[in-house]
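The values are calculated or read from the model by the stated rules, or taken from the named source; none is laboratory data. Please read all numbers here as calculations on a predicted model, not as lab measurements. Quick reminder, even Gly has a Cβ in these numbers, built from the backbone with ideal geometry, and neighbours come from all protein chains shown. Side chains included, ligands, DNA and RNA excluded: accessible areas come from the protein's heavy atoms. Shrake-Rupley method; radii C 1.70, N 1.55, O 1.52, S 1.80 Å.
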Amino acid sequence: MYKKSIVLFLSIIFCSLANSQEKDLVLLTINNSPVYTSEFKRVYLKNIDLVKDESQKDVDEYLELFINYKLKLEEAKEQGLDKKETYVKELKGYRSQLASSYLTDTKASDAMVKEAYNRLQERVHASHILIQLKPKSSAQDTLAAYQKINEARSKILDGEDFGKVARAYSEDPSAKDNGGDLGWFSAFRMVYPFENAAFNTKVGEVSEPFKTRFGYHIVKVNKKEKALGEVTVAHIMIAFNKVRTEEQAKDRIDEIEQQLKQNVSFESLAKQYSDDRNTAINGGKINRFAQGALNSEDFEKTAFALQTPGELSTPIKTKYGWHIIKLIEKHAPKSFDEEKGELTKRVKKDSRSQFVTKAFMNSLREKYGIKKNEEAVSYFKKIVTKSIFDKEKKWDVDREDPMMKKQIISIGKKSYTYMDFAQFLKEKARKGSDEEVSAFVESMYNYFESTKLLAYYESHLEEDNQDFANVIAEYRDGLLLFDLMESKIWNAAKTDSLGLRKFYESRKDTYVKEAIYKVIKASSSNQKLIDKVKELMEKGTSLDEIKKQVNTSRDDVVLFSEQELIKGKDILTNTLSGEKGQIVVTEENNYITLIKVNEITPSRLKTFEETQGKVINDFQEDIEKSWMNSLRKKHAIEINKKTLRKIKKELSI
């Protein structure tokens, strides 16, 4: 799957998007077939920011990659790979998946995204009362629920305590304990209708009753406040786990805190002793985060409470261990442009997407001139009976009824009859349902109309949406290239085991396992203590005894650890000579570290089995290089140098 994604990415870079070549200069020809200037310029300018290799930003270098891509596509078509059943089937699947992202109302979606952004800039503290109601409840049950929620609201407006009324009326199970208090929340934390009510109700007021899929609610807004933005912090974590008790973790974090009070570098301590290895390598730094982003409220509260860059927290405990947090920077809320991409994805997954879908369907009705066929709806309400839900007596339409041939809706060149809708009703009716027939017909007509509109629009997307047509073209060539690379390059390592072994033997000197040093490390800001450690080590004193003699005060300690250092990967190995028993002392930011080498596993050549993955990758690259050389000899390539000079001049800005 990884290889396929790489190939698709390359196809997006190099696929031609040209539809018009009027007055377009020919940049090059492959087997006398022209490739135009507009195509090369378009893909170069479109993708130049995506290319990380600076050499590939050079027009000449980029042109070579572009030609290689074109040659591969020529070869794929010569081999008939675009006719393969698996290729055709997969392309169809991609089209269906891609089309789903175009079946939406962009304006409505953008409005929802903007609204969500604005709401994320503040938090609401609210309480609510819920009267439960099933989605397809009878009119009688709906009225009863509505009257009950109004009754509760009236008591609150007359002065009764909200919490007391919530405990008496609310059918939210948690209300008995919390009086309906929901705490703090922002956008996306509640279903959209509830969020709307909370953000549109003023502080201290109680909303009008409103409905969600859970039933009827009223909400009281207790407080509102601006969001705090984000913070960047670093931390040192000492975990408690199977090998370290909570008490032992606390002792170690206290030792580290003492080192920090003696102005030892936070970053140095984090690198050496933090158990969060993902952040330790960067001096404990955590990516910036907002309220509610981490799975630890205590950690967040402490981080946001820090005010001045460089300020340190006292040790705090979370479910992960003990931490000391250092504030690096406070960040104001991100701009809308920064957040737009992620918010767009969240809106699509959220219940508010239903409102976007509704707006999109309305736009399609307008596009194709579709109006509700009230006559048809009324007719089916008369002829459909309750037996449509019966397991035994199955309702069916009178097939001699001349109305069944009548047109019910027409979309473009496609039309549907009353009979089509009758069949749709039979398929969608749930046996045993207690739904009212008229409500069923009404909802199914809307569903039928929407289904047919979407199907028609999707099947004609290439005609209606040039962007969609372009992306499909990109995928088409990307999938084709994948099949070619799989058959020509990637499968070679699977089938040619002898060739792979021979390739390894020819360059096995390049596959080296570096030397490993097993060391004892001792660190402190006190030079005298480190000197004493060195003296005792040189005498052969045991590590436990050294600890006893050196760490006699909690205010000034040496931190000890046993580690494995890999030559060439760990910077500390640069100071080691490769001699067992060697003791080296280094200093960084007034923090002194002593390293004693206890054991050395020397470097050696890796076996084929150890480095097989790397060998396969190198083998494939070697095959592809030779293959591309042969393709350049096989296919006639002519570059218009005059046109190329013109392009280079235009792209030099």
Qualifying residues in the range 285-304 (those that are polar (S, T, N, Q), touching a residue at least 24 places away in the same chain (Cβ under 8 Å) and open to solvent by 30 Å² or more (accessible area, probe 1.4 Å)) - the one nearest to ASP254 (Cα to Cα)
ASN287
Filter result (open to solvent by less than 60 Å² (accessible area, probe 1.4 Å), closer than 23 Å to ASN282 by Cβ and in contact (Cβ under 8 Å) with a residue 60 or more places away in the chain) within the range 564-594:
TYR591, ILE592, THR593
Quick one: THR106 ticks every box in (1) touching a Lys or Arg at 6+ places or on another chain (Cβ under 6 Å); (2) without any contact (Cβ under 8 Å) to a residue 40 or more places away in the chain except a single one, so which number is it?
(1)
Which residues, counting only those in the range 426-455, are surrounded by 14 or more Cβ atoms within 10 Å (Cβ to Cβ) and within 11 Å of VAL377 (Cβ to Cβ)?
SER438, VAL441, GLU442, MET444, TYR445, PHE448, GLU449
Restricting the range 509-529 to residues that are touching a helix residue (DSSP H, G or I) at 6+ places or on another chain (Cβ under 9 Å) and assigned to a helix (DSSP H, G or I), which is surrounded by the fewest Cβ atoms within 10 Å (Cβ to Cβ)?
THR510
Can you tell me which of GLU208, GLU300, GLU267, GLU195 is of a type outside the set (Ser, Thr, Tyr), under 18 Å from LEU559 (Cα atoms) and either more than 31 Å from the chain's Cα centre (by Cα) or not in a strand (DSSP E or B) (or both)?
GLU267
Can you pull out the residues in the range 221-264 that are assigned to a helix (DSSP H, G or I) and open to solvent by 40 Å² or more (accessible area, probe 1.4 Å)?
GLU246, GLU247, GLN248, LYS250, ASP251, ARG252, GLU255, GLN258, LYS261
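Here's the yes/no breakdown for (1) modelled with pLDDT of 95 or more; (2) more than 38 Å from the chain's Cα centre (by Cα); (3) in a loop (DSSP other than H, G, I, E, B):
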residue: GLU579; (1), (2), (3): no, yes, yes
residue: GLU587; (1), (2), (3): no, yes, no
residue: ASN598; (1), (2), (3): no, yes, no
residue: ILE616; (1), (2), (3): no, no, no
residue: ILE647; (1), (2), (3): no, no, no
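So that you can scan it fast, the table gives a plain yes or no per residue for (1) in contact with a strand residue (DSSP E or B) (Cβ under 7 Å, 6 or more places away or on another chain); (2) touching a residue at least 24 places away in the same chain (Cβ under 8 Å); (3) not aliphatic (A, V, I, L, M):
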site: HIS460; (1), (2), (3): no, yes, yes
site: ASN491; (1), (2), (3): no, no, yes
site: SER497; (1), (2), (3): no, no, yes
site: TYR517; (1), (2), (3): yes, yes, yes
site: SER524; (1), (2), (3): yes, yes, yes
Those residues of the range 631-644 which are surrounded by 11 or more Cβ atoms within 10 Å (Cβ to Cβ) and assigned to a helix (DSSP H, G or I), in sequence order
LEU631, ARG632, LYS634, THR643, LEU644
Just checking, does the range 409-432 include any residue being in contact (Cβ under 8 Å) with a residue 60 or more places away in the chain and either farther than 25 Å from TYR457 by Cβ or of a type in the set (Asp, Glu) (or both)?
no
Out of curiosity, is GLU474 open to solvent by less than 20 Å² (accessible area, probe 1.4 Å), assigned to a helix (DSSP H, G or I) and at pLDDT below 85?
yes
Return the only residue of SER450, SER433, SER438 being modelled with pLDDT under 90 and in a helix (DSSP H, G or I).
SER438
Which of the following residues is open to solvent by less than 60 Å² (accessible area, probe 1.4 Å), under 30 Å from LEU182 (Cβ atoms) and touching a residue at least 60 places away in the same chain (Cβ under 8 Å): ALA144, ALA116, ALA76?
ALA116
